[in-house]
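Participant: Once you've had a glance at the structure underneath, I'll fire off some questions.
The values are calculated or read from the model by the stated rules, or taken from the named source; none is laboratory data. In this text the structure is predicted, and so the values were computed from the model without any measurement. Cβ atoms come from the backbone with ideal geometry, glycine included; neighbour counts cover every protein chain shown.
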Amino acid sequence: MADENRVLIAGGGPVGTVMGLALARAGVPVTIFERLAEPAADHRAATLHPSTLDLFEPLGLTNAIIAQGLMSPNFQWRDRVTQEVVAEFDYACLSADTAHPYVIQLEQHKTILTALAAAEGLADFTMIREVDVSAVSQDADGVSVEITDKDGRMSHHRGRYLVGCDGGRSLVRKETGVSFEGFTWPERFNIVTTTTDFEKTMGFRLRNYCAHPERWVSLMKVPGENKEGLWRCVFPAKTEESDEEVMSDAWIQARFAECLPVGAPYEIVHRNMYNVHQRVAGNFRAGRMLLAGDAAHINNPIGGMGMNSGFQDGLNLAEKLVQIWNGADPEPLLDRYDRQRRLTAIEYVQAQSIANKRTLEERDPAVRQANLDRLRQVAADPDQHRDFCLRSSLIAMARKADDIQ
């Protein structure tokens, strides 16, 4: 079959699409199966860290990403109880570590569209849309994928390897029997988007984390569809508050009044409530089936680490598959991928995102004060400041992965 000598990817989100682009540019045929007719223009990940911008450079994506997005070298930690800026971090301290010492704020679907535009015309890049991956299997010679289109028609595809980039509920992961250990946070998150400009009205940076023992908030600015500028605010919901209440105008306006008391009433452009998980797959490889992105690890969004670490997964794996296509022994390379990416997902993404959330929500007054004092100290000391930025930008994660043999 035409698919026989290919990499098959389940999921055409940001990680699957960028990985497919990298493979096709290197001459490795790839077929991506995607459920949606086009990238969803919803309010998902929007932060592209310096480590990602560096990785995108060889793919020809970085300049296009910068041109569309908002450049943000700084981010703040604030205490919502006192309304003070506790610490401000500046990625300019990473100018010797990265060619891009700043974050670009750009909605996820625009990143996908940029990668698709770069893949247009590549003979080795194929994306099949509006299909569900309904079954997967593997044998000694390759992998098989059954897909079902929107009319219920089924077709069979064959390849050498299958990469699951199919999200937290990954069929690929489930079919391999790989565990997905971790936990679900008891509260839900409500992401609310508004047109009120907190940079102008309250002196916020484009990314901000505001601590409070009851009602913390994380907020960032994105370009919006017409570059009008939109602010995304993440509010936690208490366990006793019903879904209907949390999604209501009254609940959302009350959160704005508590946390951001200017410009009321706020225009509510978008709202989306969801449960939040912290989980890591027991293995990122099971034979010829591999996992990347949310299929391999999921985390809370505070710090913007999920999508960015997923890009590191996908491009790390793409590099190894290119070597395999050029004659390298697959076993040590694919085993190394599992060692590199699983360990760093635990040590960096999980550890940092959990620590970020706990710093925001700490209720014990003494512990809370100690956490905020620590942030002040870190921000004020140049060496600690840089170390903190290396971790939060995921540059440290990429370096640690490279060191794992």
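Participant: Spot the failing condition for residue 120; the list is (1) within 30 Å of residue 34 (Cα to Cα); (2) buried (at least 17 other Cβ atoms within 10 Å of the Cβ); (3) among the acidic types (Asp, Glu), and only one is missed.
Facilitator: Tallying (1) within 30 Å of residue 34 (Cα to Cα); (2) buried (at least 17 other Cβ atoms within 10 Å of the Cβ); (3) among the acidic types (Asp, Glu), residue 120 fails exactly one: (2).
Participant: Hey, another quick one. Give the residue, chosen from 178, 192, that is crowded, with 18+ Cβ neighbours inside 10 Å and either touching a Lys or Arg at 6+ places or on another chain (Cβ under 6 Å) or without any contact (Cβ under 8 Å) to a residue 24 or more places away in the chain (or both).
Facilitator: 192
Participant: Check 27, 12 and return the single one that is part of a loop (DSSP other than H, G, I, E, B), touching a Cys at 6+ places or on another chain (Cβ under 9 Å) and either of a type in the set (Gly, Ala, Ser) or within 18 Å of residue 121 (Cα to Cα) (or both).
Facilitator: Exactly one of 27, 12 is part of a loop (DSSP other than H, G, I, E, B), touching a Cys at 6+ places or on another chain (Cβ under 9 Å) and either of a type in the set (Gly, Ala, Ser) or within 18 Å of residue 121 (Cα to Cα) (or both), namely 12.
Participant: Would you tally the residues in region 237-269 being within 15 Å of residue 195 (Cα to Cα) and either touching an Asp or Glu at 6+ places or on another chain (Cβ under 6 Å) or touching a residue at least 24 places away in the same chain (Cβ under 8 Å) (or both)?
Facilitator: Number satisfying all stated conditions: 9.
Participant: With (1) within 22 Å of residue 192 (Cα to Cα); (2) of a type in the set (A, V, I, L, M, F, W, C); (3) surrounded by fewer than 20 Cβ atoms within 10 Å (Cβ to Cβ) as the list, and residue 67 as the residue in question, which single condition is left unmet?
Facilitator: Of everything listed in (1) within 22 Å of residue 192 (Cα to Cα); (2) of a type in the set (A, V, I, L, M, F, W, C); (3) surrounded by fewer than 20 Cβ atoms within 10 Å (Cβ to Cβ), residue 67 misses just condition (1).
Participant: Hey, any hits in region 30-46 for a residue that's assigned to a helix (DSSP H, G or I), touching an Asp or Glu at 6+ places or on another chain (Cβ under 9 Å), closer than 24 Å to residue 300 by Cα and touching a residue at least 12 places away in the same chain (Cβ under 8 Å)?
Facilitator: Of region 30-46, the ones assigned to a helix (DSSP H, G or I) are none.
No - not one qualifying residue is present in region 30-46.
Participant: From the set of residues in region 36-61 that are modelled with pLDDT of 95 or more, of a type outside the set (A, V, I, L, M) and surrounded by fewer than 22 Cβ atoms within 10 Å (Cβ to Cβ), which is nearest to residue 319 (Cα to Cα)?
Facilitator: Taking the candidates together, the pick is 58.
Participant: Can you pull out the helices (runs of 4 or more DSSP H) entirely within region 104-212 that have at least 1 residues that are closer than 30 Å to residue 85 by Cβ?
Facilitator: In region 104-212, the matching helices (runs of 4 or more DSSP H) lie at 108-119, 198-202.
Participant: Exactly one condition in (1) out of contact with any Leu (no Cβ under 9 Å at 6 or more places or on another chain); (2) on the phi < 0 side of the Ramachandran plot; (3) not hydrophobic (A, V, I, L, M, F, W, C) is not met by residue 68; state its number.
Facilitator: Here residue 68 meets the rest and fails (1).
Participant: Taking region 313-331 as the search range and keeping residues that are of a type outside the set (A, V, I, L, M) and in contact (Cβ under 8 Å) with a residue 12 or more places away in the chain, which one is nearest to residue 25 (Cα to Cα)?
Facilitator: Applying the filter and picking the extreme gives 319.
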